[in-house]
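The values are calculated or read from the model by the stated rules, or taken from the named source; none is laboratory data. Only a predicted model underlies this, so the values are computations on that prediction, with no experimental measurement involved. Note: ideal-geometry Cβ built from the backbone for every residue, glycine included; neighbour counts use all protein chains shown. Accessible surface areas use protein heavy atoms only, side chains included; no ligands, DNA or RNA. Shrake-Rupley method; radii C 1.70, N 1.55, O 1.52, S 1.80 Å.
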Amino acid sequence: MDKVRTRFAPSPTGFMHIGNLRTCLYAYLFAKKNNGKFVLRIEDTDQERYVEGAVDVIYSTLKKAGIQHDEGPDKDCGYGPYIQSQRKSLYLDYAKELVDKGGAYYCFCDKERLDSLKDERGVAKYDKHCLSLNKEEVEKRIASGEPYVIRQNVPTEGFSEYDDMVFGHISVPNEDMEDGVLIKSDGMPTYNFANVVDDHLMAINYVIRGVEYLSSTPKYNLMYDAFGWERPHYMHLSPIMKDAQRKLSKRYGDANFEDFLAKGYLPKAIVNYIALLGWSPKGNDEKLTMDELIQQFDVEGISKSPSIFDETKMRWLNGEYIKQMSVDEFAEVAKPFFEASKVAGKYDYKALAKLLIPRVEVLGEIAEKVDFLEEFAEYDVAMFEHKKMKITRQLALDNLKAIRYDFADFEDWTDEALKQKGMELAEKLGCKSGQIFLPWRLALTGAQTTPGGATEMAELLGKDESMRRLDFSIDLLCRNI
């Protein structure tokens with residue numbers, strides 16, 4: 001195998017779509033697996049769709065995702081510039097060379113004539129009208145300032161064929177392809193032409209991209225052949241679907257990397273999950289680090305079938321990553337979510353982290369799991385009734401009074417010590433431990449579900465606040481027996 005060189009060539013048109021990120025990831029994994037180079041190129045020739053700040057988003061996304069490019073606009077290794085708009089002068093010269101080699105021609109047709117070629121569906125296929133112009137006439141019309149484009153000269157007969165690394169042998173009738181524009185009237189190249197020139201000049205020999213290019217790749221190859229350049233290897237990837245009918249798209253909800261980060265997914269978990277959308281590792285492990293993905297990645301594992309994006313599965317995987325975090329690590333990544341909740345600045349985030357690590361799948365769940373700490377007010381005392389545990393409102397009230405009395409002078413206000421003393425109280429009262437701890441937790445929180453038990457909540461709240469809430473709940477129960 002030649003020295004592998006892959007590339008990711010995004011357009012700066014907004015946030016990073018999950019499908020684009022997966023393409024980027026596979027190109028990176030393939031290059032690293034084969035000790036090759038991964039190149040970042042910015043394709044900004046479509047100035048109408050250019051979004052200010054989008055280039056920064058590309059860099060930020062790759063950094064957060066742990067994808068490190070070997071070459072790019074910020075790492076010129078002799079193949080730059082790596083931004084297409086800075087390479088503009090190259091394309092016209094190569095287009096003229098392609099004209100000389102018979103692979104392209106000048107076209108002077110105006111909009112009115114092009115519109116006249118449209119069929120009943122509004123689709124126009126160019127009829128090679130300007131291919132017959134001789135060199136003298138072309139030069140004369142250019143010299144007079146007449147607007148023109150340069151079109152590819154696609155054969156009208158036969159087939160164009162190539163072998164794809166995923167889909168195998170591909171054959172496309174030449175008559176199904178059009179003489180597309182290579183250089184626009186403003187002198188800027190179209191996506192198709194700039195790609196071929198840039199990939200060749202940057203020595204990209206493995207092109208990894210979406211399956212939508214599978215049938216148009218022969219047009220690229222015709223240009224490679226006309227120039228006398230070696231064709232790259234191709235790896236086309238099936239789409240990621242929202243469901244059986246719809247592609248994953250912004251219009252159907254979260255579809256980009258930043259969306260999922262905002263919801264509290266960890267970058268490593270997102271990358272891990274999208275790696276599995278269309279590729280299956282040989283082993284049974286689904287939780288894979290970047291190094292493990294690199295080691296295991298192979299083309300044989302790539303599926304020809306579209307993959308369904310299952311956020312439930314990604315939530316589970318994200319939860320597995322969270323469970324392996326230390327308290328300090330969780331507190332750090334969760335800080336923005338604590339700050340956005342009602343408990344911001346009021347509790348020890350590390351103490352909260354200890355409770356939440358085994359109980360959240362995404363960081364976005366933090367607010368709903370901790371806001372009750374600041375929402376303590378009158379609540380429905382029917383929560384104290386529990387048939388299975390044989391808890392009535394009266395039993396709850398009696399046990400809460402016992403807790404209030406027994407713990408009044410207790411100073412070791414830690415989870416472990418409180419739990420031990422609670423067990424001793426249950427034994428002294430001759431009741432089950434659950435008949436102590438469940439009413440106690442409800443009395444401290446006023447919430448049906450909490451991220452920790454009674455003693456964990458008590459430690460978090462501290463003795464003074466715990467006693468205040470205990471008094472409040474005893475009074476509330478007294479009024480609603």
**OP:** May I ask you to verify whether Leu62 is assigned to a helix (DSSP H, G or I) and either open to solvent by less than 30 Å² (accessible area, probe 1.4 Å) or over 28 Å from Ala226 (Cα atoms) (or both)?
**Re:** yes
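So, Leu438, is that one of a type in the set (A, V, I, L, M), in a helix (DSSP H, G or I), open to solvent by less than 60 Å² (accessible area, probe 1.4 Å) and under 25 Å from Ile366 (Cα atoms) or not?
Details: of a type in the set (A, V, I, L, M): yes; in a helix (DSSP H, G or I): yes; open to solvent by less than 60 Å² (accessible area, probe 1.4 Å): yes; under 25 Å from Ile366 (Cα atoms): yes.
For Leu438, the condition - of a type in the set (A, V, I, L, M), in a helix (DSSP H, G or I), open to solvent by less than 60 Å² (accessible area, probe 1.4 Å) and under 25 Å from Ile366 (Cα atoms) - is met.
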Subject >> Any pair with Cβ under 9 angstrom, 6 or more apart, that starts in the range 214-227 at a residue that is over 20 Å from Met165 (Cα atoms) and open to solvent by 30 Å² or more (accessible area, probe 1.4 Å) and ends at one that is in a helix (DSSP H, G or I) and modelled with pLDDT of 95 or more >> reply: Ala226/Leu98
Original post:
In this structure, does Val207 turn out to be in contact (Cβ under 8 Å) with a residue 24 or more places away in the chain, in a strand (DSSP E or B) and hydrophobic (A, V, I, L, M, F, W, C)?
Top reply: yes
**OP:** Check whether at least one residue in the range 156-165 is at pLDDT 95 or above and in a helix (DSSP H, G or I), and report yes or no.
**Re:** no
**OP:** Scan (1) of a type in the set (A, V, I, L, M); (2) assigned to a loop (DSSP other than H, G, I, E, B); (3) modelled with pLDDT under 95 for the single condition Val360 breaks and write down its number.
**Re:** (3)
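Which members of the range 228-248 meet the condition of being surrounded by fewer than 21 Cβ atoms within 10 Å (Cβ to Cβ), at pLDDT 95 or above and of a type outside the set (S, T, N, Q)?
Filtering the range 228-248 down to residues surrounded by fewer than 21 Cβ atoms within 10 Å (Cβ to Cβ) leaves 228-231, 233, 235, 238-239, 241-247.
Then drop every residue that is not at pLDDT 95 or above, which leaves 228-231, 233, 235, 238.
Scanning the range 228-248 gives Gly228, Trp229, Glu230, Arg231, His233, Met235.
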**OP:** Please tell me if Ala377 is hydrophobic (A, V, I, L, M, F, W, C) and surrounded by fewer than 19 Cβ atoms within 10 Å (Cβ to Cβ).
**Re:** yes
Subject >> Residue tally, condition in a strand (DSSP E or B) and either farther than 21 Å from Val196 by Cβ or open to solvent by 80 Å² or more (accessible area, probe 1.4 Å) (or both), over the range 95-138 >> reply: 2
Original post:
If a residue has to be closer than 20 Å to Asn256 by Cα and open to solvent by 40 Å² or more (accessible area, probe 1.4 Å) to count, how many in the range 19-59 make the cut?
Top reply: 7
Original post:
Looking at the range 23-43, which of its residues are closer than 15 Å to Gly66 by Cα and β-branched (Val, Ile, Thr)?
Top reply: Thr23, Val39
Original post:
Quick one: would you say Leu444 is within 23 Å of Ala367 (Cβ to Cβ), modelled with pLDDT of 95 or more and not small (Gly, Ala, Ser)?
Top reply: yes
**OP:** Check the range 175-185 and report whether any residue there is open to solvent by 20 Å² or more (accessible area, probe 1.4 Å), in contact with an Asp or Glu (Cβ under 6 Å, 6 or more places away or on another chain) and either assigned to a strand (DSSP E or B) or among the hydroxyl-bearing types (Ser, Thr, Tyr) (or both).
**Re:** no
**OP:** Look through Lys268, Lys313 and report the one residue that is open to solvent by 40 Å² or more (accessible area, probe 1.4 Å), in a helix (DSSP H, G or I) and in contact (Cβ under 8 Å) with a residue 60 or more places away in the chain.
**Re:** Lys268
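Restricting the search to the range 301-341, which residues are charged (D, E, K, R) and at pLDDT below 95? Full working, then the answer.
Keep residues of the range 301-341 that are charged (D, E, K, R), which gives 304, 310-311, 313, 315, 320, 323, 328-329, 332, 335, 339.
If the condition is that a residue be charged (D, E, K, R) and at pLDDT below 95, then Asp310, Glu311 are the ones that fit.
In the set Glu339, Glu361, which member is open to solvent by 80 Å² or more (accessible area, probe 1.4 Å) and not basic (Lys, Arg)?
None of the others qualify; the one that does is Glu339.
Is it the case that Arg151 is in contact (Cβ under 8 Å) with a residue 12 or more places away in the chain and either exposed (fewer than 13 other Cβ atoms within 10 Å of the Cβ) or under 20 Å from Asp176 (Cα atoms) (or both)?
Values: in contact (Cβ under 8 Å) with a residue 12 or more places away in the chain: yes; either exposed (fewer than 13 other Cβ atoms within 10 Å of the Cβ) or under 20 Å from Asp176 (Cα atoms) (or both): yes.
So Arg151 fits the description; yes.
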**OP:** Go through Thr13, Thr45, Thr23 for me and flag whichever is under 25 Å from Ser238 (Cβ atoms), hydroxyl-bearing (Ser, Thr, Tyr) and at pLDDT below 95.
**Re:** Thr13
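When you check Ser171 against the structure, is it out of contact with any helix residue (DSSP H, G or I) (no Cβ under 6 Å at 6 or more places or on another chain), small (Gly, Ala, Ser) and either assigned to a strand (DSSP E or B) or open to solvent by 70 Å² or more (accessible area, probe 1.4 Å) (or both), yes or no?
Yes; evaluated as a whole, the condition is true for this residue.
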Subject >> Scope the range 228-255; condition in contact (Cβ under 8 Å) with a residue 40 or more places away in the chain and among the hydrophobic types (A, V, I, L, M, F, W, C); matching residues >> reply: Met235, Leu237, Ile240, Met241, Ala244, Leu248, Ala255
Subject >> Those residues of the range 342-358 which are touching a residue at least 12 places away in the same chain (Cβ under 8 Å) and open to solvent by 50 Å² or more (accessible area, probe 1.4 Å), in sequence order >> reply: Lys342, Lys346, Asp348, Lys350, Lys354, Pro358
**OP:** Could you grab me the full set of residues in the range 441-481 that are closer than 19 Å to Ile391 by Cβ, open to solvent by less than 40 Å² (accessible area, probe 1.4 Å), in a loop (DSSP other than H, G, I, E, B) and of a type outside the set (A, V, I, L, M)?
**Re:** Gly446, Thr450, Gly453
**OP:** For the range 69-92, indicate whether the set of residues that are of a type in the set (Asp, Glu), farther than 21 Å from Ile183 by Cα and surrounded by 16 or more Cβ atoms within 10 Å (Cβ to Cβ) is non-empty.
**Re:** yes
**OP:** Being open to solvent by 20 Å² or more (accessible area, probe 1.4 Å) and within 18 Å of Leu21 (Cα to Cα) is the filter here, so list the residues in the range 271-291 that pass it.
**Re:** Leu276, Ser280, Thr289, Met290, Asp291
